[in-house]
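The block underneath contains the structure these notes are about, expressed in structure tokens.
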Amino acid sequence: MNTVIYWFTGTGNSLKIAKDIAAALGDTTLIPVAKAVTQPSIDPKADAIGIVFPVYMWGMPLIMSDFIKKLAINSSAYIFGVANYGGNKAGTLLQLDRELKAKGLKLSSSFGIKMPGNYTPMYGAIAVEKQQKFFIREQEQIKEIAETVKARKTNKVASDNFLVNAILSSFIYPNGSKQIPGSDKKFIADSKCNSCGICEKVCPVANIKMTAGKPEWLHHCQQCMACLQWCPQIAIQMGKTAERKRYHHPEIKVNDIIIQK
Ligand SMILES: Cc1cc2nc3c(=O)[nH]c(=O)nc-3n(C[C@H](O)[C@H](O)[C@H](O)COP(=O)(O)O)c2cc1C
Ligand code: SF4
Ligand code: SF4
């Protein structure tokens, strides 16, 4: 009954969820998506396969589509998907379902988990006490996910209502997500930067190169916010972020992010 869970994260919420599901299931291997996609094809030969990732612009991070294209697993595999999000997941898991179907695979069960938001260009981190409420609810949902996966149950693809899915996921995401790779043109490193190089290390897709002691963004960005959130000097800005509180999951450490690629 072994399980493999693939995870992608910028600020640790997805990794925490993946770790918690692994602990509840037992006999589970965790593999970062950012490493897996560098392989020519992906075939974990596991009884069950989990896919855990954040919602970006009401759809999947672009790297998740690259990952799914490389899946070479048995069509009878039990696959479960977990999308975590700060506000609305909309039709993100319907997208996962569609992209798996295009590969002849089936999304057997899916779940949305609301976690503290990390999109600092729009808002700062919520208060620690409020974050705790999300984490308590996450623990309850992990039990439900583990029970479903252990029993190999299927469920209806988790999504919002038809109108929300149509506007946010079917209309905004397909056009908006095309802007994501080049959106790093809006990042700057301000005068607080001390050339430590952590931003380069945490970037899951090697989109940062240190040039003359400062980060240079290479325009194949995922917008995961890892560079901005994990900079120890709070030196990376995008728009009006200078005064906004940074966020990362309190149980996930910078090294957990660094090992992702
Ligand atoms: C570029 C970007 C876009 C986002 N878009 C959405 C969104 O459409 N809906 C939503 O509910 N949350 C959105 N979020 C919030 C994240 O989905 C949420 O904070 C998630 O838990 C982050 O997971 P991570 O810590 O594993 O990176 C977005 C975050 C980023 C960085
Ligand atoms: S992590 Fe921050 S301080 Fe370190 S090099 Fe990058 S921008 Fe500069
Ligand atoms: S450059 Fe920053 S936001 Fe873009 S993928 Fe790398 S760490 Fe994430």
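The values are calculated or read from the model by the stated rules, or taken from the named source; none is laboratory data. Quick caveat, the model's predicted, so the values are computed rather than measured. Glycine also receives a Cβ, built like all others from the backbone with ideal geometry; neighbour counts cover every protein chain displayed. For accessibility, only protein heavy atoms count, side chains too; no ligands or nucleic acids. Shrake-Rupley method; radii C 1.70, N 1.55, O 1.52, S 1.80 Å.
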5 angstrom amide H check on ILE113, placed H, neighbours 5+ away
ALA83, ASN84, TYR85
Would you calculate, for the chain, the mean residue ellipticity at 222 nm contributed by helices, counting each DSSP H stretch of 4 or more residues as -39,500 (n - 2.57) and dividing by all residues, to the nearest 500?
-8000 deg cm²/dmol
The chain, Cα convex hull volume normalised per residue, Å³:
120 Å³
Step through the table entries LYS103/LYS253; LYS150/LYS201; LYS19/LYS70; LYS103/LYS178; LYS101/LYS186, compare each Cα-Cα distance with 32 Å, and write down the pairs that go over it.
LYS103/LYS253; LYS150/LYS201; LYS101/LYS186
What does DSSP give for the chain in terms of the percent of beta bridges that are antiparallel, rounded to the nearest 5?
25 percent
Please identify the cysteines of the chain that lack any partner cysteine with a Cβ under 4.7 Å from their own Cβ.
CYS193, CYS196, CYS203, CYS221, CYS224, CYS231
A 1.4 Å probe over the protein heavy atoms gives the chain a carbon and sulfur accessible-area percentage of 57 percent
How would you rank 198-208, 102-112, 49-59, highest first, on the average number of other Cβ atoms within 10 Å across their residues?
49-59, 198-208, 102-112
Where the Cα pairs of the range 180-258 fall when distances are cut into 10 Å bins, in %
19, 57, 24, 0
Compactness check, the range 111-261: C-alpha Rg relative to the 2.2 N^0.38 Å globular estimate gives 1.21
Using the per-residue mean of other Cβ atoms lying within 10 Å as a proxy for protection, in what order, highest first, do the peptides 71-82, 182-193, 9-20 fall?
9-20, 71-82, 182-193
